[in-house]
Structures are given as structure tokens and as C-alpha cells.
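First up is the structure itself, then whatever we jot down about it.
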Amino acid sequence: MEILGIGPAELVLILLVAFVVLGPERLPAVARTLGRWLRYLRGLSGEFTSQLQSELGDTAQELRTAQQELHDLPQHLYSELQTPLSSISQELRQSTKGLSDNAIENLGSNHGQAETSPPPDV
């Protein structure tokens, strides 16, 4: 059993030195004062720990929320852009189909004109 890196042998030595230095009359009062200070420091430590956990807990929750939003962002963007891109794609298909139909008509009309026109003089 070690407290703050102090084993049982060191603890007995510290108590003997305190008994010799302080004497049997003052030793109980000093022990009570030391006990009060230790309780006060433990209370401060507990408050600090709970407050730190509370703050970190809120921050951790915010980080998890941000991570989930980033994870969902591609799907959200895809669903937001799917309708406009689909309509643009459809318009492009219709335009290119119209261009293809016009090109075929032009080729057919140019081909027909080439057959009916007289050959050039050589």
C-alpha cells in the first residue's frame, strides 16, 4: 500500500519524526488540521474533475455531432444536386438529339443535292 509513493516503512518514519518534532501535545491538533486540508483539497479535486468532465463531455458531443454531419454531407449533397443535374442531363440529351436529327437531315439533303447537280467541268 503506497500513498504518493510513500511505503509503510517511510510512513512510520515520518510519524516518528513528527512525534519527536511536534510533541505529543501538538501532534493531534496538527493531524486534525492536516486532515481538514486534505479533505478540502480532495473536494477541490472532485469539483475540478467533474467540471472538466462536464466541459469535455459537451465538447465531445459537439465533435461527434460535427463528425456525423461531415459523414452525412456527401449523401446530402447528392440528394440536393440530383434533381437539378437530372434536369440538365435531360435537356442536354434533348438538345443533342435535336442536333443529331438536324445533322442527319442536312447530310441527307446535301447527299441528295450532290446526286442531282451536274458534274463539274474538267
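For Ala9, indicate whether it is without any contact (Cβ under 8 Å) to a residue 40 or more places away in the chain, surrounded by fewer than 10 Cβ atoms within 10 Å (Cβ to Cβ) and part of a helix (DSSP H, G or I).
Taking the combined requirement at face value, the residue satisfies it.
Considering only segment 70-81, I want to know if a residue exists there that is open to solvent by 100 Å² or more (accessible area, probe 1.4 Å) and modelled with pLDDT of 85 or more.
So far as segment 70-81 goes, yes, one or more of its residues are open to solvent by 100 Å² or more (accessible area, probe 1.4 Å) and modelled with pLDDT of 85 or more.
Among the residues of segment 12-57, which ones are open to solvent by 80 Å² or more (accessible area, probe 1.4 Å) and among the hydroxyl-bearing types (Ser, Thr, Tyr)?
Hit for segment 12-57 is Tyr40, nothing else.
The values are calculated or read from the model by the stated rules, or taken from the named source; none is laboratory data. Remember, it's a predicted structure, so these values are computed and weren't measured experimentally. FYI the Cβ positions are ideal-geometry reconstructions off the backbone, even for glycines, and counts take in every protein chain you see. When the accessible area is computed, the model is the full protein with side chains, heavy atoms only, and any ligands, DNA or RNA have been set aside. Shrake-Rupley method; radii C 1.70, N 1.55, O 1.52, S 1.80 Å.
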